[in-house]
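Take this structure, written in structure tokens, and hold onto it; I'll ask about it next.
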């Protein structure tokens, strides 16, 4: 993210003085942090004094800094997507098997999901503060963890209005390797699922096109259940 911000600064300099109006009307979409949660929760040699609160505060402080720097460059409209329930992806379900089967009520890796939920709370507070301090800043924050909870709840995936999604396989990769939950490289030797619209995950980490489409639709049209204080459609129209 820091590297991307530096590249963006160079672009702003190249655009010159006429860039402000364009940038202020543009929508800045930010979805970062999942890999940080993956690596922290499934650390092979975690330190004995590991401090979850300090780790999450570091991530939240980074978010704050990046948003302030973008604002200083003229950005005013931010769509932020918090990390989803990362403990439910195939790689983390498999990781739970290596961590004494530390599963939550969704049968996902508990430590990773707890981090996702706690980070969303911090981000919501930070964005509320920034929205009050930075004149003209507008934002839309997606609670991806809350949205995903309905998808991964045993007994059927449900959407924003308790509408069932056509997602019947929530724990296994569509492009599957030989490991548990289809863990493995998605390459020419992988086994492909027959119907991708049944699967939440394409590979060990990433959602399928169908699942991503459902999430995108929710970002634009959600009435406040998981996207607050306004949805992306409303944000773009400002």
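The values are calculated or read from the model by the stated rules, or taken from the named source; none is laboratory data. Computed from a predicted structure; not experimentally measured. Cβ placement follows ideal geometry from the backbone for every residue including glycine, while neighbour counts extend to all protein chains displayed.
Which residue, of 147, 137, is modelled with pLDDT of 95 or more and at negative phi? Explain how you work it out, then say what you get.
Values: 147 fails: modelled with pLDDT of 95 or more.
That would be 137, the only listed residue that is modelled with pLDDT of 95 or more and at negative phi.
Across the stretch 87-116, what is the total count of residues that are part of a helix (DSSP H, G or I) and crowded, with 17+ Cβ neighbours inside 10 Å?
Of the stretch 87-116, the ones part of a helix (DSSP H, G or I) are 87-88, 90-97, 110-116.
Okay, now just the ones that are also crowded, with 17+ Cβ neighbours inside 10 Å, so 87-88, 90-96, 110-116.
Qualifying residue count, the stretch 87-116: 16.
Can you say whether residue 141 is touching a helix residue (DSSP H, G or I) at 6+ places or on another chain (Cβ under 6 Å) and not in a helix (DSSP H, G or I), as far as the supplied structure shows?
Details: touching a helix residue (DSSP H, G or I) at 6+ places or on another chain (Cβ under 6 Å): yes; not in a helix (DSSP H, G or I): yes.
Answer is yes for this residue.
In addition: Within the stretch 63-86, count every residue that is over 26 Å from residue 147 (Cα atoms), in a helix (DSSP H, G or I) and in contact (Cβ under 8 Å) with a residue 12 or more places away in the chain.
So the answer is 4.
Are any residues in the stretch 1-21 in contact (Cβ under 8 Å) with a residue 24 or more places away in the chain and assigned to a helix (DSSP H, G or I), and if so, which ones?
Scanning the stretch 1-21 gives 2, 5, 8, 9, 12, 19, 20.
Applying the selection to the stretch 212-238, what residues are more than 13 Å from the chain's Cα centre (by Cα) and without any contact (Cβ under 8 Å) to a residue 60 or more places away in the chain?
So in the stretch 212-238, the residues more than 13 Å from the chain's Cα centre (by Cα) come out as 213-214, 217-218, 220-225, 228-238.
Those that are more than 13 Å from the chain's Cα centre (by Cα) and without any contact (Cβ under 8 Å) to a residue 60 or more places away in the chain: 213, 214, 217, 220, 221, 224, 233, 237.
Here is a further query. Check off (1) farther than 27 Å from residue 212 by Cα; (2) at pLDDT 95 or above for residue 64 and give me the number that stays unchecked.
Single failed check for residue 64: (1).
If you don't mind, there's one more thing I want to ask. Which pairs turn up if I take residues in the stretch 174-194 that are in contact (Cβ under 8 Å) with a residue 12 or more places away in the chain and at positive phi and look for partners that are in a loop (DSSP other than H, G, I, E, B) and surrounded by 21 or more Cβ atoms within 10 Å (Cβ to Cβ) with beta carbon separation below 9 Å, at least 6 apart in sequence or on another chain?
From residues that are in contact (Cβ under 8 Å) with a residue 12 or more places away in the chain and at positive phi, the pairs are 181/89; 181/204; 182/174; 182/203; 182/204; 184/203; 184/204.
Identify, please: which residue in the stretch 27-52 is in a helix (DSSP H, G or I) and either in contact (Cβ under 8 Å) with a residue 40 or more places away in the chain or touching a helix residue (DSSP H, G or I) at 6+ places or on another chain (Cβ under 7 Å) (or both) and is, among those, surrounded by the fewest Cβ atoms within 10 Å (Cβ to Cβ)? Even if it seems obvious, please write down each step before you answer.
So the first thing to find is which residues in the stretch 27-52 are in a helix (DSSP H, G or I), and the list is 34-41, 52.
So of that shortlist, the ones also either in contact (Cβ under 8 Å) with a residue 40 or more places away in the chain or touching a helix residue (DSSP H, G or I) at 6+ places or on another chain (Cβ under 7 Å) (or both) come out as 34, 36-38, 40-41, 52.
Working: 34: 20, 36: 18, 37: 26, 38: 21, 40: 17, 41: 25, 52: 13.
Applying the filter and picking the extreme gives 52.
Yes/no matrix, rows are residues, columns are (1) in a loop (DSSP other than H, G, I, E, B); (2) in contact with a helix residue (DSSP H, G or I) (Cβ under 8 Å, 6 or more places away or on another chain); (3) surrounded by fewer than 21 Cβ atoms within 10 Å (Cβ to Cβ); (4) modelled with pLDDT under 95:
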| position | (1), (2), (3), (4) |
| --- | --- |
| 156 | yes, no, yes, yes |
| 161 | yes, no, yes, yes |
| 167 | yes, yes, no, yes |
| 172 | no, yes, yes, no |
| 184 | yes, no, no, yes |
| 188 | yes, no, yes, yes |
| 194 | yes, no, yes, yes |
| 204 | yes, yes, no, no |
| 217 | no, no, yes, yes |
